[in-house]
């Protein structure tokens, strides 16, 4: 009895292995039944998002495609982007001991990298705040230009200003959260 049970187990195990191998090999074959991949060329519609199969004629060379990214690759690049390329601007308010200041932030992003940044005071500020905002605006580009937008790590105090710095960091965090990837 045990021999029959062992034989049945061996049979089913062998069957499962061969069935699995069959499924794996079937996935390697194209519709014609050969293991040769079907060549593709860029879609003639101009958008390059849908590859068009070309017939293979024996002795005819297969055309090459100069563009290396498919439509899927381009979509994945866009999804992977932290913040789409562009210039983002916004006024931000922050409180300080004598009231509230308003500053204007402008950040240009290309390939998730900060390429330009500026900070300017909005309206009339007291002389100390005006100097701190100007000093912060002068020091900021050397700290963020060339860095990834989601990897900015500013010190707590930049050019004597911690409040403008905190407002800028909040602005960048909101920028990433609001314009960032949907992935």
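Please state the shape class of segment 83-179: rounded when a/c is under 1.5, otherwise prolate if a/b exceeds b/c and oblate if not, all from the C-alpha gyration tensor. List each step's numbers first, then the result.
Numbers: a/c = 1.99, a/b = 1.71, b/c = 1.16.
Prolate, since a/c reaches 1.5 and a/b exceeds b/c.
Taking 22 Å as R0, compute the FRET efficiency from the Cβ-Cβ separation of residue 110 and residue 178 and round it to 0.05.
Step by step, r from the Cβ atoms, then E = 0.75.
With r as the distance between the Cβ atoms of residue 142 and residue 122 and R0 = 25 Å, compute the FRET efficiency 1/(1 + (r/R0)^6) and round to 0.05.
On the way: r = 23 Å, r/R0 = 0.92.
That gives a FRET efficiency of 0.60.
Run the paramagnetic zone check for residue 96: 7 angstrom along Cα to Cβ, then residues of segment 105-139 with backbone nitrogen under 11 Å.
Correct set: 121-122, 125-136.
Need one number: nm distance between label points at residue 135 and residue 162, each 7 Å from Cα along Cα→Cβ, rounded to one decimal.
1.4 nm
May I ask you to derive the relative contact order of segment 83-179, considering only C-alpha pairs under 8 Å and at least 6 residues apart, and to give it as an integer percent?
26 percent
Read-outs throughout are calculated quantities, based only on the coordinates presented, and are distinct from any laboratory measurement. No experiment lies behind these values; they were computed from the predicted model shown. Neighbour counts run over all protein chains shown; Cβ positions are idealised from the backbone, glycine included.
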